[in-house]
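Right, one structure below, let's go through it.
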Amino acid sequence: MEAKAQARYVRVTPQKARRVVDVIRGKQAQEAVAILKFAPQAAAEPVRKVVESAVANARVKADRDSVAFDERSLVVAEAYVDEGPSLKRFRPRAQGRAGRILKRTSHITVVLAARETSAAVPAAGSTKGRTR
């Protein structure tokens, strides 16, 4: 089962929001919320709210379909940040000129999915580069 949540027109630059989203991609939903709660970046708060909203959407979807719901089995399957429209502002510059200021916005999307069986999930220790 998949659950999706979006926050649109968030007043944080996409570049800064992507730094935060890259940290939680692939993690369990509860772990992602805990990480975002204590992350120092300002973009962590809107991203945390989107993850919590996706968990709530999964709960509602499970209730609607009469399926057992286990929050611990949810994993951040997809998380990405798209660029929203920029607010154009002007700042006075020297000799009567005006400098353009772009106040950027973001569209934050998080998709949660139920964790696959333990055979499909790779083990905690990476075997990359090993020959055994």
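The values are calculated or read from the model by the stated rules, or taken from the named source; none is laboratory data. Predicted model, so just to flag it, every value in this text is computed and none were measured. Backbone-built Cβ (ideal geometry, glycine too); neighbour counts: all protein chains shown.
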Check your understanding: Which of the residues belonging to segment 94-132 are modelled with pLDDT of 90 or more and assigned to a loop (DSSP other than H, G, I, E, B)?
Key -> R97, R104, T105
Practice item. Would you mind stating whether E71 is of a type in the set (D, E), at pLDDT below 95 and either touching a His at 6+ places or on another chain (Cβ under 6 Å) or under 28 Å from V10 (Cβ atoms) (or both)? Key: yes
Review point. Which of the residues belonging to segment 3-22 are in contact with a helix residue (DSSP H, G or I) (Cβ under 8 Å, 6 or more places away or on another chain) and loosely packed, with under 15 Cβ neighbours inside 10 Å?
Key: Q6
Revision key, fill the gap. With the first residue restricted to segment 30-41 and required to be free of Cβ contacts under 8 Å to residues at least 40 places away in the same chain and within 20 Å of F69 (Cβ to Cβ), and the second required to be of a type in the set (V, I, T) and surrounded by 14 or more Cβ atoms within 10 Å (Cβ to Cβ), Cβ contacts under 6 Å at 6 or more apart or on different chains are V33/V51
Check your understanding: For segment 70-100, which residues satisfy the criterion of being aliphatic (A, V, I, L, M) and touching a strand residue (DSSP E or B) at 6+ places or on another chain (Cβ under 9 Å)?
Key -> L74, V75, V76, A77, A79, V81, L87, A98
**Study point:** Failed condition for A62, given (1) assigned to a strand (DSSP E or B); (2) surrounded by 12 or more Cβ atoms within 10 Å (Cβ to Cβ)
**Key:** (1)
Review point. Which residues, counting only those in segment 42-63, are over 13 Å from the mean Cα position of the chain (by Cα) and either more than 18 Å from V111 (Cβ to Cβ) or touching a residue at least 60 places away in the same chain (Cβ under 8 Å) (or both)?
Key: A42, K61, A62, D63
Check your understanding: Among the residues of segment 26-48, is any among the basic types (K, R), surrounded by 16 or more Cβ atoms within 10 Å (Cβ to Cβ) and assigned to a loop (DSSP other than H, G, I, E, B)?
Key -> yes
Practice item. Determine, yes or no, whether R19 is more than 25 Å from E116 (Cα to Cα) and either in contact with a Leu (Cβ under 9 Å, 6 or more places away or on another chain) or in a strand (DSSP E or B) (or both). Key: no
Check your understanding: In segment 2-23, how many residues are within 30 Å of V67 (Cα to Cα), β-branched (V, I, T) and in contact with a Lys or Arg (Cβ under 9 Å, 6 or more places away or on another chain)?
Key -> 0
Check your understanding: For segment 65-93, what are the residues that are among the charged types (D, E, K, R), assigned to a strand (DSSP E or B) and within 20 Å of the chain's Cα centre (by Cα)?
Key -> E78, D82, E83
